[in-house]
Amino acid sequence: MQAIFEHLAISLSALLIAILIAVPCAILLSKRQKIAEVVLQFTSVLQTIPSLALLGLLIPFVGIGTTPALIALVIYALLPIFQNTYIGLSEIDPSIEEAAEAFGMSRMRKLLKVEVPMAMPMIVSGIRTALVLIIGTATLAALIGAGGLGTFILLGIDRNDPSLTLIGAICSALLALIFSGLIRFLQKRSWKVSLAALGIIFLGIGGVYAAQQTTLTKETITIAGKLGSEPDILINMCKEVIEANDEQVTVTLKPNFGKTSFLFSALKSQQIDLYPEFTGTVLESLVKVPAAEDQIHSPEKTYQLANELLGEQFDMELLEPMSYQNTYAVAMKRSVAEEKGITKISDLVAHQGELRAGFTLEFIDREDGYKGMQKKYGLKLGSVQSMEPALRYQAIQNGDVDVIDAYSTDSEIKQYDLVTLEDDRQLFPPYQGAPLLRGDFAKEHPRVVEALNLLAGKIIEEQMIEMNYLVNVEKQQPADVAHDFLVKEKIIQEGN
C-alpha cells in the first residue's frame, strides 16, 4: 500500500503540473499556428528521449529521488495534453465563434463559455492518455530512489522472482485502468462535480502520502541499500541494532535504492543518512586515490585508506567493517570450466575468442572489473554483453553466456553450481562491508554509531552466503533473516 500511494503521489502530481503548463499554453497558442507547430515539434522531441537517459541527464542538476522523476514524467505528459487541447480549440467551427462574437461576448467569456466546453472532450482525452503514460513510466522512478511500484519490478528481476515483478506490473496497469475509467466517468458530469471529486482524490492521496513520510514523536533516520538481497539484509540489521540501542529514533528503510553512484549522491545531499558500502568500492569508485597508494592493500590497510580519504574529501566516515568480504569474482558453470580446464582467470586467455561473457554495466566500466582484466590479464573475450545483475545468472544457466561477473557471497553460486575462478594476478581489491555516513551525522548521533559498531567484525563469508540463499532461494524475508542472525549472535535480545 505504501508503494501504491508513492506511485499515485508521483503520477498525479506530475499530471497536475503538466495540465497547468500544457492547457494554458495551448489556449494562448490556439490562434498562433506557426508558434504552436514549433511547440508541438519541441514536445514531440522531448518524448522521444529514452526515459532512462532523461533521468540520467537530470540527476547532475536536481539530484535523485522524487524531483527528477517528477520532472521526467511532466515532460512526457506535455505532448498529449498540449496537442489535444490545441486541436480541440483550433478545430472549432469558425461560424460558432463568429456567432459568439455577434452576441457581444468578450474574449475571456467566449473562451470559458464556448471554446473550452466544445474542446473539452479532446482535452480530457489528452489528459487520459497522459495519465496512462505517466503511471506506466513512473515505475522507472524506483531506479533513482523515488519509490513506487517499480520497486517490486526491480526486486523481482534482482531475485529472479516473477511474482514480485507481476505485483508491480499488474498493480501499475490496474491503477492506469482505474484512473482512466474515473476520468471518463467524471467527463460525463458537470465540471463542478468533476473538480470537487478530483480535489478530494488529490487531497486524500496527498494526505496519506504525507502521513507515511512523517514521524511526529521520534527522529527519523533513513537507511538506504543497493539492489539485491545482501544490502537488504544489511540495512535491516542496521535498523534493528539502532532501534534496540536508541528508543528516541525510528529508522526508515529505502531498499533497492539503486546503484552506487545514486546512493553516494543521496548521502552527500542528505536525502539519506547512511548506507552499507564496501571498502574496495570506496577506493575504486568514490574517492581520488593518490598515485602512490594506487595498489592492492591488505583488508586492514584498504579500510584505513578508504576511511581516511572519505574524511578528507567528503567529510564522511566509514565505520569499522564486518568480517566477510564480498569481492568481485569471475564465475563459470562447473561443467564448462572442467571441460575446458579453466581454474583461474589467466586460463581464460587461451579460450578468449570462443567465450561469451555477460557482465553488469558497472563491472564492464570499472578498473577493478573488465577494464582491469583486459590490462592485467591481456584478456579480450569474443563477446561481452551488459545486463542487469540477476539476468546474468539466468543467462549462464540457459547457456546464453559462458562467463559472468559475480560477488563472492552470491547465493546463486551455490544455487546454480558455479565455480569462481582464482584471481591469480590479484586484480580485485578487498571488499569488506561497513556503514557509510556523513561526518556531521556521526558526531550528532553517537548512540547510532555505537549501535552500528556492534556489527563490526561480525558475519563471516559462509554466513552471508547462507543468508543470501535463504532470501533468494528459500524466499524468506530479509528482515526475518537479519533478525534471526542478530539474535543467534546475541547482538540483540529475542524480545527486540
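The values are calculated or read from the model by the stated rules, or taken from the named source; none is laboratory data. Please read all numbers here as calculations on a predicted model, not as lab measurements. Neighbour counts run over all protein chains shown; Cβ positions are idealised from the backbone, glycine included.
The table below gives the values:
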item: Residues satisfying the stated conditions in the range 416-431, i.e. under 16 Å from residue 389 (Cβ atoms) and more than 26 Å from the chain's Cα centre (by Cα); result: 416, 418, 420
item: Residue 491 on the phi > 0 side of the Ramachandran plot, surrounded by 13 or more Cβ atoms within 10 Å (Cβ to Cβ) and in contact with a Phe, Trp or Tyr (Cβ under 9 Å, 6 or more places away or on another chain); result: no
item: Every residue from the range 437-456 that is over 23 Å from the mean Cα position of the chain (by Cα) and part of a strand (DSSP E or B); result: none
item: Any chance residue 130 is of a type in the set (A, V, I, L, M), buried (at least 20 other Cβ atoms within 10 Å of the Cβ) and modelled with pLDDT of 80 or more; result: yes
item: Residue within the range 319-329 that is touching a residue at least 60 places away in the same chain (Cβ under 8 Å) and closer than 16 Å to residue 402 by Cβ present; result: yes
item: Residue list for the range 102-123, restricted to those being surrounded by fewer than 16 Cβ atoms within 10 Å (Cβ to Cβ) and over 47 Å from the mean Cα position of the chain (by Cα); result: 102, 103, 104, 106, 107, 109
item: Test: residue 141 is part of a helix (DSSP H, G or I) and at pLDDT 85 or above; result: no
item: Residue identified as assigned by TED's automatic domain parsing to the domain that holds residue 112, farther than 30 Å from residue 261 by Cβ, surrounded by 12 or more Cβ atoms within 10 Å (Cβ to Cβ) and touching a residue at least 12 places away in the same chain (Cβ under 8 Å) among 29, 52; result: 29
